[in-house]
Amino acid sequence: MGKPVRALAVVAVAALGLAACGGGSDDDSSGSGGGKTLVIASELPLQGSSADASTDTNNMIKVYLDSIGNKAGDYTIQLKEYDNSTATAGQWDAATCTANAQKHVQAADEVAVMGAYNSGCSKLLAPVLNQDPKGPMLQVSHASTNTGLTKAADPGEPELYAPSGKKSFARVTTTDDVQGTAAADFASETLKVKKCYILNDNQTYGQGIAKAFEDRAKEVGIEVVANEPYDEKATNYTAMFEKIKATNPDCLYVGGIYDVNGGQLLKDKVSVLGDNETVKMMAPDGWTGYPELDKQKESEGLYATFTGLATAQLEEQGGAAAELLKAYEEEYGSAPRTNYALYGAAAVQVIVEAIEKSDGTKKGVRDAVFEGEGITVPAEESATGKEIVIDPATGDTTAKDVSVLIGKDGAQTFVQAQAVE
Amino acid sequence: MSTTTPTAPVVRPPAPKTSFLARFGWPLGFFAAGVLVFVFNQWILPETSTEFQNGFGSWLPMTAVNEALIWAIFALGLNIVVGYSGLLDLGYVAFWGIGGYVAGWLMAPFANQVHPSWANLSFSVWGNPLPGQERGIHINFWLVLIIAALVCAVAGVIIGAPTLRLKSDYLALVTLGFGEILPEVFRNGERVGPNGEWNITNGTKGIIGMDQIPTGPFQYIPGVPETIGTFDLNLKFIVFGLMLALAMFVSLRIREGRLGRAWLAIREDELAASMMGVPLMRIKLSAYAVGAAFGGIGGVLYATHIGGVLADRFNFSVSIILLAMVVLGGMGNVWGVTVGALLLAWINSTGLGQLGNVWNDVTGAEVNFASHNFLVFGAILVLFMLFRREGLIPEARTRQVLQEPERGEIESLGADMEGTAEDTAAEGGKK
């Protein structure tokens, strides 16, 4: 019994040894001609439930970088993909986020980080990148919409994410509070509902957006029956909706993402409360861009808000976004599976713009965004079809348009833009 | 104990092997490895080329080393419950969480948010808050370690108490239950109490802004800063390493003492142990308490390692990986468990992905190895169960027990009692 094990061990050790010698050169610097090569890191969960969305986002960024010839001013740009998930967790992992943050700081040629996808991960990354001795190091997120990252929300925010006293976190999406507010405005002005029931998925994003909807709804005179979390592990929600039915609301708002058992929730909503014409149902951008959702027949008449323009709109509108989508389809054979893919490209646009204006150092790239007049990406170049202006004081984008979509014949189609003051 | 003092001279266990290597080989080996890692990362690595640094960083970054040390502390804690006392615990992650939240409450600005009336609370006991984060409670890191260990010990007793009447599978199920309940409490602890006024965990948003580790008198050594900041990974390595050494030392010393021998007795035969006068209740509870205390220390270290406490981290798979570390390393053997934990933690963080890259480079395949993590773990576990049931570096005692022919089997086969274990096993396999 002992011998085979020993043999196995020897083989294993040998394999390890070989691997250690052979590996270690996986990031080859291809910047031979032209100026210095600078690296932009993308920080996404590449395993678990968000894997597809993350892969497509990385691909879209590559398509964009190809379209500009991998150049920003004199510098050659390279994308380095970081994975902040573990298979064990099946989603982003706090320890991996922190470990990656350390790697970004240590990597001499990395000048900025694109990401993270999850607000929770951004909250861990931002303070570390901010304390970079050669920085602060710029971080531009395409999807971390949590309000506190840039604005006062919980006590101590947003200063908590900038311990050096200088900001370094920017983003190209609007925040949860803007979207929730817009949704409440739409509910009151257009749908003219009077009594809403709010459910949330009990996650950072879902709670934040549900709270924003609740606050605004009360201001504009909608009665809010309750704002409570639903159990993501429940096998059905019939009992919950029976209870909700007894309170007789004419609208249901769900703050959360479709991944969190949204299919079942929607099915049971329609079977108990009636179709989406009888009792209006609304959801945020966490319920957009899911082929399964569009296929579900209960999604007929479901209103969803989205920060910016939906992919179909961008294609019709033409311009940079449409070209990117076209190039993407040529390269990968299908449209990206997430609306955030274009936002990833938009975040990289901001970084590229900053690199052009900078001296190629971490500090220079950060200063290009947060000192002086900040970064502007004009509408005709922007991957989101709208002008992107990063406010140097906060790091937020000034574009606050929210579009409202409705589920119709197996697709989410554009209804109207909801302006936010 | 209420038993009368025996008049006969105390029977001591046979004196341990006295050869120098047998006694000090392992501790000196670990110490040397620690010194090597520190010296290499502190002085040699910065002098090497950028390419080598990047390559090395993708194989064995300092953050992964530090994280592995913390995993090892947890594994040693679980080893006391599972390895020493034989109480199968599937909910050990609960103590990781409790330790983490103790750190979140006592060394972060979060305490301001616990109740509206605490908004102006500012309390510090030699605390080291991050600049601009002086609100809330800031207790010195080293004190928090002690507090967390005590809190977790109490929690261990509370969780352990109702499980005492249960055995084997039933015990495992109840601990599994606790391991599921506590993370849910952490996730939902944002609005509790009357009117939902109390925010005890900040829900899924978690607690961010952990205090730094003060170096105390060591700051007078040139090159050592007053507090260990975000980027002083090598100094954190020393702190975590010291805590691991402490955990190993405590594990080893307790094992030799009365308590440790009582644990082993319970593990081997509970009925016999109680007949011999081992107070089952107290001994089992102390196993839970000591094991949980390690978890508390690890939880605080982990919170400072990642700079926050996030509820999503505390899921069931963590308990399972910890159990795998203990089993693979060699249940009951401190050295084995430590080696197993360091190894598995490395595989889980960077190892598997990197080995996968090498495999892909060599064979031209495009397999995402990291996402087959559990498949690989499962395969390793099965292989170990087939070929090396006692673990990587087994405890001498476990090896004896496992290699001893099982009596029932032998009797039913009518085999020769003198036959070697392997013969018997082979015959058992033929059935």
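Within the stretch B:155-168, identify whether any single residue is within 14 Å of chain A (Cβ to nearest Cβ), surrounded by fewer than 22 Cβ atoms within 10 Å (Cβ to Cβ), in contact (Cβ under 8 Å) with a residue 24 or more places away in the chain and in contact with a helix residue (DSSP H, G or I) (Cβ under 9 Å, 6 or more places away or on another chain), and answer yes or no.
Initial filter on the stretch B:155-168 (within 14 Å of chain A (Cβ to nearest Cβ)): none.
The answer is no; no qualifying residue exists.
Give the residues of the stretch B:53-79 that are closer than 16 Å to B:S319 by Cα and in contact with a Leu (Cβ under 6 Å, 6 or more places away or on another chain), sorted by residue number.
B:A68, B:I70, B:A72, B:I73, B:F74, B:A75, B:L78
Keeping to the stretch B:42-65, report how many residues are farther than 13 Å from A:Q102 by Cβ, facing another protein chain (nearest Cβ under 10 Å) and among the β-branched types (V, I, T).
Matching residues across the stretch B:42-65 total 1.
For the stretch B:82-89, state whether one or more residues are outside any helix (DSSP H, G or I), surrounded by fewer than 24 Cβ atoms within 10 Å (Cβ to Cβ) and within 14 Å of chain A (Cβ to nearest Cβ).
Narrowing the stretch B:82-89 to residues outside any helix (DSSP H, G or I): B:85-89.
If we keep only those that are surrounded by fewer than 24 Cβ atoms within 10 Å (Cβ to Cβ) as well, we get B:86, B:88.
Checking the rest, the ones that are also within 14 Å of chain A (Cβ to nearest Cβ) come to none.
Scanning the stretch B:82-89 turns up no residue that is outside any helix (DSSP H, G or I), surrounded by fewer than 24 Cβ atoms within 10 Å (Cβ to Cβ) and within 14 Å of chain A (Cβ to nearest Cβ).
Considering only residues that are of a type in the set (V, I, T) and either part of a loop (DSSP other than H, G, I, E, B) or facing chain B (nearest Cβ under 9 Å) (or both), look in the stretch A:153-179 and name the one that is farthest from A:A217 (Cα to Cα). It would help to see each step written out before you state the result.
Taking the stretch A:153-179 and keeping what is of a type in the set (V, I, T), we get A:172-175, A:178.
Filter once more, keeping what is either part of a loop (DSSP other than H, G, I, E, B) or facing chain B (nearest Cβ under 9 Å) (or both): A:172-175.
Working: A:V172: 26, A:T173: 22, A:T174: 19, A:T175: 17 Å.
Result: A:V172.
Can you say whether A:A99 is without any contact (Cβ under 8 Å) to a residue 24 or more places away in the chain, more than 26 Å from A:A383 (Cα to Cα) and touching a Ser or Thr at 6+ places or on another chain (Cβ under 6 Å), as far as the supplied structure shows?
Values: without any contact (Cβ under 8 Å) to a residue 24 or more places away in the chain: yes; more than 26 Å from A:A383 (Cα to Cα): yes; touching a Ser or Thr at 6+ places or on another chain (Cβ under 6 Å): yes.
Against the criterion (without any contact (Cβ under 8 Å) to a residue 24 or more places away in the chain, more than 26 Å from A:A383 (Cα to Cα) and touching a Ser or Thr at 6+ places or on another chain (Cβ under 6 Å)), A:A99 qualifies.
Against the condition within 28 Å of B:E256 (Cα to Cα), away from every other protein chain (no Cβ under 11 Å) and modelled with pLDDT of 85 or more, how does B:L323 come out, does it pass? Please lay out each step first, then the result.
Values: within 28 Å of B:E256 (Cα to Cα): yes; away from every other protein chain (no Cβ under 11 Å): yes; modelled with pLDDT of 85 or more: yes.
Yes, satisfied.
Do we have B:V382 as among the β-branched types (V, I, T), within 18 Å of B:S317 (Cα to Cα) and at pLDDT 75 or above here?
On the way: among the β-branched types (V, I, T): yes; within 18 Å of B:S317 (Cα to Cα): yes; at pLDDT 75 or above: yes.
Yes; evaluated as a whole, the condition is true for this residue.
Yes/no matrix, rows are residues, columns are (1) touching an Asp or Glu at 6+ places or on another chain (Cβ under 8 Å); (2) within 16 Å of B:G97 (Cα to Cα); (3) outside any helix (DSSP H, G or I); (4) more than 14 Å from every other protein chain (Cβ to nearest Cβ):
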{"position": "B:G177", "(1), (2), (3), (4)": "no, yes, no, yes"}
{"position": "B:L182", "(1), (2), (3), (4)": "no, yes, no, yes"}
{"position": "B:F186", "(1), (2), (3), (4)": "no, yes, no, no"}
{"position": "B:E190", "(1), (2), (3), (4)": "no, yes, yes, no"}
{"position": "B:T201", "(1), (2), (3), (4)": "yes, yes, yes, no"}
{"position": "B:T204", "(1), (2), (3), (4)": "yes, yes, no, no"}
{"position": "B:D211", "(1), (2), (3), (4)": "no, no, yes, no"}
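Would you call B:G160 more than 24 Å from the chain's Cα centre (by Cα) and modelled with pLDDT under 90? It would help to see each step written out before you state the result.
Values: more than 24 Å from the chain's Cα centre (by Cα): no; modelled with pLDDT under 90: yes.
So B:G160 fails the test.
Only one residue in A:V404, A:V389, A:V352 is of a type outside the set (S, T, N, Q), over 30 Å from A:V270 (Cβ atoms) and assigned to a strand (DSSP E or B), so which one is that?
Numbers: A:V404 fails: over 30 Å from A:V270 (Cβ atoms); A:V352 fails: assigned to a strand (DSSP E or B).
Testing whether each residue is of a type outside the set (S, T, N, Q), over 30 Å from A:V270 (Cβ atoms) and assigned to a strand (DSSP E or B) leaves just A:V389.
Give the residue that is nearest to the other protein chains (Cβ to nearest Cβ), with candidates limited to residues of the stretch A:208-225 that are surrounded by fewer than 23 Cβ atoms within 10 Å (Cβ to Cβ) and of a type outside the set (A, V, I, L, M, F, W, C).
Of the residues in the stretch A:208-225, the ones surrounded by fewer than 23 Cβ atoms within 10 Å (Cβ to Cβ) are A:211, A:214-216, A:218-221, A:223-225.
Filter once more, so that each one left must be of a type outside the set (A, V, I, L, M, F, W, C): A:211, A:214-216, A:218-219, A:221, A:223.
On the way: A:K211: 11, A:E214: 13, A:D215: 16, A:R216: 20, A:K218: 17, A:E219: 21, A:G221: 24, A:E223: 20 Å.
By that ranking, first place goes to A:K211.
For A:N248, are the conditions met, namely being of a type in the set (S, T, N, Q) and surrounded by 23 or more Cβ atoms within 10 Å (Cβ to Cβ)? Explain how you work it out, then say what you get.
Values: of a type in the set (S, T, N, Q): yes; surrounded by 23 or more Cβ atoms within 10 Å (Cβ to Cβ): no.
The answer is no for A:N248.
The values are calculated or read from the model by the stated rules, or taken from the named source; none is laboratory data. If you're wondering where the values come from, they're calculated on a predicted model, not measured in any experiment. A quick note on method: Cβ atoms are made from the backbone with ideal geometry, for glycine too, and the neighbour counts reach across all protein chains shown.
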